[in-house]
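Some notes on the structure that comes next.
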Amino acid sequence: MNLLDIELVSVSKTFANMSVVKDINLAVPQGEFVSILGPSGCGKTTTLNMIAGFNAPSCGDIRVRGRSQIRVPPERRNIGLVFQNYALFPHMTVNENVAFGLKMKGAGSNEIALTVKDALRSVHLEGYGERYPRELSGGQQQRVALARAIAPRPSVLLLDEPLSNLDLKLREAMRIELKEIHEQLGMTFVYVTHDQEEAMAMSDRIVVMSQGSIAQEGTPAQIYRDPKSRFVADFIGKSNILAVSDVKPNGKTAEIVVGNDVRLIARAPDDDRPIRYCSIRPESVSLGAVTASGEDKSNRINAVVRRVINLGGSLEVLAQLSEELHLHILVRSSRSTVAPAVGETVALGIDAADIQTLAE
Amino acid sequence: MTRVISILFWLSLAAVLAFITLPLLVVVAASFSPTATVTFQPFEWTFRWYGDLLSNRWLDPFLTSLKIATVVAATSGVLGLLAAYCIVYERLPGSDVLMSYLLSPLSVPQIVKGVAIVLFLSMIGFQGFLGTPALIAAHVVLALPFVTRMVATSLANFDANLDRAAQILGAGKLQRIRHVLLPMIKPGVLSGVTFAFIISFNNIPLSVFLVRPGDSTLPITVINYLEYSLDPVMAAVNVASMAFILVVIFLFEKIGGFSAQIHGGSK
Amino acid sequence: MSSLALDSSPPRTRRRFTGWFSYLALSPSLVVLAIFFALPMGIMIGMSFADPQTLSPTLDNYHRFLTDGLSLAGFCRTAIMSLLVAVCVTALGYPVAYFLARSRTRWRAVVFALALSPELAGVVLRTYGWLIILEDRGFINDVLLYLGLIASPLPLSKNLFAVVVGLTHVVLPFGILSLMTSIQGIDPNLERAAQMLGASRLSVIRFIVLPLSVPGIVSSMLIAFTMAASAYATPALLGGAGFKVLATMIYEQVLFYINWPFASVMAISLLVMMLAISFAGVRYESRRRLRTAGAKGDN
């Protein structure tokens with residue numbers, strides 16, 4: 001049995017009659033990297049602020065290592081927080097910033113010096129201790145913020161969209177580094193973001209939030225492959241969401257009708273709820289009915305190519321199946337790939353397993 | 001055509017700048033001249049007037065002004081800091097009303113405030129209060145709204161995330177105020193205090209009602225004197241008092257005022 | 001965005017304590033202003049309705065103010081003088097403000113320092129400077145006499161002209177700052193766009209910069225007007241007995257005639273003038289806000 005670092009038990013938050021977080025339950029085991037993912041306004045930051053202690057939940061309980069935190073002010077929760085805008089103290093040097101938490105805990109100066117050094121080493125900023133935050137680049141400031149948060153060895157580290165102010169290249173590098181620091185420290189990370197790629201790249205588990213509730217939680221692969229709702233399918237990665245007009249269950253598969261008259265063999269639904277949509281990932285559709293390994297796809301459909309966009313490593317094709325039914329298709333392209341011509345009729349192949357049926 | 005316009009523009013700019021600097025230059029020149037008239041005929045340099053400054057006639061009002069301005073700057077600094085902190089940072093209920101009350105003296109001309117205060121003092125039979133005590137009270141009323149507004153502005157610009165960052169790192173309220181909030185708003189507080197010092201030191205419209213013979217401020221002594229004579233010693237007094245103000249600004253700046261505003265970091 | 005939804009932090013009991021402490025810390029300011037500002041203002045307003053001899057309630061003071069001729073003349077002189085100062089400040093300040101808002105050269109810092117330097121000098125020094133310059137035996141008359149352009153000194157001081165010159169000088173830095181802020185708010189690309197469409201320098205100023213800086217012009221006029229109307233030292237020294245304004249007349253009533261009730265009425269008339277002007281400014285500003293907000297909504 002894994003120890004739980006954070007538990008949210010039926011937590012709700014209401015601001016001036018606006019229900020921002022609705023009855024959230026969440027358990028984070030020690031050492032896990034959890035991402036809370038959702039569009040802005042979904043309640044993820046409020047949730048984070050409640051864990052940190054800046055907001056009190058309207059009802060429900062928040063526990064850290066089994067102890068209720070409701071009556072504990074933020075300064076005594078022993079939680080680390082990395083802010084979106086870094087919130088470095090501009091009047092203190094890097095060393096003073098990182099030492100702040102230890103100083104507040106009343107640590108001795110030797111211990112402080114050692115820990116600060118360690119923390120700066122783990123974010124690769126040795127030798128920057130005497131500088132002021134304004135003398136550092138955005139990426140370096142971000143690392144200082146991280147070092148400052150981990151230096152007092154909190155039980156949990158909360159990260160509030162920490163990479164959103166960095167440019168793309170740096171963001172991608174920092175993802176890897178954050179993951180490494182997480183492994184190195186073995187600390188529980190709760191990472192709030194609206195960037196699904198970031199969540200996919202780093203997390204052990206993703207909690208997708210929508211309109212104040214948890215829409216789905218699971219490993220990145222589960223979330224991507226088996227979205228349980230139209231919202232998750234649409235928000236995580238790109239997806240073709242088609243309205244389903246008729247369903248005939250058939251053991252492990254089901255025959256569904258999309259558009260007016262296009263019939264597809266899909267994976268059978270997990271539960272008995274009525275099926276209203278299906279989701280097809282653009283990259284799971286192949287141009288030509290036969291895969292590289294020679295297997296037959298469960299579905300072969302003819303479609304007319306309406307638009308082809310060359311993205312360099314891949315082609316994005318818009319194919320028309322019937323009058324109002326279009327599919328976005330992503331195919332890898334190499335030197336030998338012959339791009340389909342606009343207006344050409346092509347055969348599409350889709351595996352039944354790649355068609356996810358959705359109830360909502 | 002374009003050339004003509006641009007020449008006209010530069011000429012007007014130069015003329016306005018000349019207009020701005022002319023009286024200052026004239027006073028400086030007069031302070032070194034043997035007579036109060038400034039002519040463009042060559043004159044002999046003299047430092048006589050500056051020597052005269054050390055007489056009690058000028059030294060006493062200077063010390064009075066200095067004493068009053070120091071007390072006013074300190075008092076309105078402390079009161080303004082507390083008031084702005086409570087209203088902006090603690091977000092007291094009714095803070096809008098409280099703030100408009102604290103800033104309301106700004107919309108009343110100084111001369112009107114002066115009449116009201118001197119009237120009030122004589123009504124309650126406190127004429128003995130005139131001179132330094134009354135001047136201090138009146139100048140605090142004048143300076144306090146300015147200081148409160150300046151501190152409130154820097155508190156409003158204070159990034160609340162810095163406070164939260166300190167809190168999550170284990171800092172209690174007093175520690176946060178001491179280590180984070182006060183250092184961050186220090187420039188705003190210091191410019192407020194400097195401003196309070198200067199408006200008290202240079203004040204005329206309020207002081208004119210409240211001074212007492214033998215207990216008068218420097219500017220009031222100067223204008224009373226100016227009504228009778230343009231003695232060049234006045235020029236020396238004025239130049240010296242401006243130099244003094246510059247020194248004060250320089251000192252406050254040194255302790256970490258205005259230009260030490262901390263940029264970046266928490267954008 | 002991320003910190004939008006933050007309310008008061010728990011726990012409740014500590015909040016209540018800090019609330020208590022806050023009112024305690026706030027009270028000295030509130031009390032000082034109550035005793036030395038609110039109460040005196042109330043007494044002054046009450047005094048304006050009192051008979052100068054018996055202190056019994058009466059409207060005579062207001063009646064006298066409106067009918068004795070001298071007082072209303074002083075009121076109008078003050079208004080006219082303030083208006084002239086407002087116009088001069090804005091007209092003289094505009095080229096400087098435009099330069100400060102647009103220049104990217106080293107000269108900008110120099111002009112900025114020169115334009116604001118008088119603020120450090122204090123009113124007395126500057127007024128003294130103008131006295132030396134404008135006096136009958138002053139700098140200008142001296143030069144003109146020397147050059148033989150005039151036979152006897154021109155009357156340059158102790159009149160409206162001298163007061164307007166002196167006050168314009170006092171208020172100019174504030175006017176320049178408010179105009180500069182307004183011009184800085186105009187996107188320089190608008191001027192470039194107009195030039196690309198064939199507008200000359202003059203047309204750019206006339207059709208683009210001036211209309212867009214109207215708010216700055218209004219606020220510069222307002223600042224100048226209110227500062228001029230409430231100034232005391234400059235009109236006292238440069239106007240003297242020859243040109244009395246409300247501020248100097250109030251001073252006379254208090255210290256020479258010792259007529260508190262009538263001094264109060266005059267002070268109130270000055271206050272009313274100021275409040276009316278400020279109110280007009282606030283009205284203008286809120287209307288402008290509404291208009292621009294509406295224009296944005298239409299897009």
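The values are calculated or read from the model by the stated rules, or taken from the named source; none is laboratory data. What you see is a predicted model; the values in this text were computed from it and never measured. With ideal geometry, Cβ positions are generated from the backbone for all residues, glycine too; neighbour counts draw on all protein chains shown. Areas reflect the complete protein model, heavy atoms only, side chains present, ligands, DNA and RNA absent. Shrake-Rupley method; radii C 1.70, N 1.55, O 1.52, S 1.80 Å.
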* Rounded to a whole number, what % of the accessible area of chain C do carbon and sulfur atoms account for, probe 1.4 Å? -> 70 percent
* Using a 1.4 angstrom probe, figure out how much accessible area region B:58-260 has per residue, in square angstrom, rounded to the nearest whole. => 35 Å²
* Let me have the relative contact order for region B:129-233, percent, based on Cα pairs under 8 Å that are six or more residues apart. => 42 percent
* Of the trypsin sites (Lys or Arg not before Pro) in region A:181-251, which ones lie in a loop per DSSP and count no more than 14 other C-beta atoms within 10 Å? -> A:K238
* Structure fact -> Looking at region C:204-237, residues buried by 50 Å² or more relative to their chain on its own, accessible surface at probe 1.4 Å, turn out to be C:Y232, C:L237
* Structure fact -> Share (percent) of C-alpha pair distances in region C:69-284 greater than 23 Å works out to 56 percent
* Asked: Between exposed chymotrypsin sites (Phe, Trp or Tyr not before Pro) in chain B, where DSSP calls loop and at most 16 other Cβ atoms lie within 10 Å, what's the longest gap?
  -> B:127-227
* Violating pairs (Cα-Cα greater than 26 angstrom) within the set A:K103/B:K173; A:K44/A:K117; B:K113/C:K244; A:K44/A:K179; A:K103/A:K169; A:K238/A:K297 -> A:K44/A:K117; A:K103/A:K169
* To do: Please average, across the residues of C:38-46, the number of beta carbons from any other chain that are within 10 Å of each residue's own beta carbon, and give a whole number.
  => 6
* Asked: If you average 1/r over every pair of different alpha-carbon atoms in region B:1-119 and take one over that average, what Kirkwood value in Å do you get?
  -> 20.4 Å
* Asked: Under a plain spin-label model, where a point goes 7 Å from the Cα along Cα-to-Cβ, how far apart in nm are B:T153 and A:E126?
  -> 4.6 nm
* Rank C:P155, C:P215, C:P173 by mean-square fluctuation in a GNM of chain C with C-alpha springs under 10 angstrom and give only the top-ranked residue. => C:P155
* For an R0 of 56 angstrom, estimate the FRET efficiency from the Cβ-Cβ distance between C:Y62 and B:K254 and round to the nearest 0.05. => 0.60
* Structure fact -> As a percent rounded to 5, the proportion of antiparallel DSSP bridges among beta bridges in region A:4-230 is 55 percent
* Structure fact -> Between the modelled labels at C:A151 and A:K105 (7 Å from Cα along Cα→Cβ) the distance in nm is 9.6 nm
* To do: May I have the extent of the alpha carbons of the protein assembly as shown along their three principal axes, as whole Å values ordered from largest to smallest?
  => 115, 69, 62
* Asked: What is the dipole size for chain C, taken about its Cα centre, with +1 at each Lys and Arg Cβ and -1 at each Asp and Glu Cβ, in debye to the nearest 20?
  -> 1260 debye
* Structure fact -> The size of the Cβ-based charge dipole (Lys, Arg +1; Asp, Glu -1) of region A:4-230 about the Cα centre, to the nearest 20 debye, is 500 debye
* Structure fact -> Averaged per residue, the 1.4 Å probe accessible area of chain C, protein heavy atoms only, in Å², is roughly 49 Å²
* Test item: C:238-251 mean partner chain Cβ contacts at 10 Å -> 2
* Asked: Mean 1/r over all different Cα pairs, inverted: what Kirkwood radius does region A:201-360 give, in Å?
  -> 16.6 Å
* Using a 1.4 Å probe on protein heavy atoms only, how many Å² of accessible area do C and B hide from each other, summed over both chains and rounded to 100? -> 7100 Å²
* Rounded to the nearest 500, what is chain A's calculated 222 nm mean residue ellipticity when only DSSP H runs of at least 4 contribute -39500 (n - 2.57) each, over all residues? -> -7000 deg cm²/dmol
* With runs of 4+ DSSP H residues as the only contributors, calculate the mean residue ellipticity of chain C at 222 nm using -39,500 (n - 2.57) per run, divided by the residue total and rounded to the nearest 500. => -23500 deg cm²/dmol
* **Anchor B:K254: lysines whose Cα lies under 27 Å away (excluding residues fewer than 8 positions away in-chain)** => B:K67, B:K186, B:K267
* Residues of region B:205-245 losing 50 Å² or more of accessible area relative to the isolated chain, 1.4 Å probe, heavy atoms only? -> B:V208, B:F209, B:L226, B:L230, B:N238, B:M242
* For region A:4-230, the spread of Cα positions along each principal axis, largest first, Å -> 50, 40, 31
* For peptides C:40-46, A:77-83, A:302-308, sequence by mean Cβ density within 10 Å, most packed first -> A:77-83, C:40-46, A:302-308
* To do: With label points built 7 Å along Cα→Cβ from the Cα atoms of B:L246 and A:K117, find their separation and express it in nm.
  => 5.0 nm
* Structure fact -> Taking Cα atoms, the helix B:2-31 axis meets the longest principal axis of chain B at an angle in degrees (rounded to 10) of 80 degrees
* Hey, for a label at B:S55 modelled as a point 7 Å past Cα toward Cβ, could you say which residues of region B:210-232 have their backbone N under 18 Å away? => B:214-232
* Rounded to the nearest 500, what is chain B's calculated 222 nm mean residue ellipticity when only DSSP H runs of at least 4 contribute -39500 (n - 2.57) each, over all residues? -> -22500 deg cm²/dmol
* Asked: Ordered by packing density, taken as the mean number of other Cβ atoms within 10 Å over each peptide's residues, highest first, how do A:327-340, C:21-34 rank?
  -> C:21-34, A:327-340
* Structure fact -> With the 1.4 Å probe rolled over protein heavy atoms, region A:4-230 has an accessible area per residue in Å² of 39 Å²
* Listed residues B:K67, B:K186, B:K254, most fluctuating in chain B (Gaussian network, C-alpha, under 10 Å) -> B:K254
* Around A:M104, with a cut-off of 10 angstrom between Cβ atoms, what is the net charge of the other residues, counting Lys and Arg +1 and Asp and Glu -1? -> +2
* Structure fact -> The answer for the longest stretch of chain C without any exposed trypsin sites (Lys or Arg not before Pro) (DSSP loop, at most 10 further Cβ atoms within 10 Å) is C:107-299
* Counting pairs of Cα atoms in chain B, how many percent are more than 29 Å apart? -> 49 percent
* Structure fact -> Which of C:T54, C:T168, C:T90 fluctuates most in a GNM of chain C (C-alpha springs under 10 Å)? That residue is C:T54
* **Size of charge dipole - the protein assembly as shown - debye, nearest 20, with Cβ of Lys, Arg +1 and Asp, Glu -1, no other charges** => 440 debye
* When you look at the Cβ of every residue in B:191-203, what mean number of other chain Cβ atoms sits within 10 Å? -> 1
* Please give the residues from region B:99-113 for which the solvent-accessible area of heavy atoms, probe 1.4 Å, is smaller by at least 10 Å² with all protein chains in place than with the chain isolated. => B:Y101, B:L102, B:S104, B:P105, B:S107, B:V108, B:P109, B:I111, B:V112, B:K113
* Using the charge dipole of the protein assembly as shown (Lys, Arg: +1 at Cβ; Asp, Glu: -1 at Cβ; taken about the Cα centre), state which of B:A240, B:L25, B:G94 has its Cα farthest towards the positive end. => B:A240
* **Solvent-accessible area, 1.4 Å probe, carbon plus sulfur percent, for region A:238-358** => 48 percent
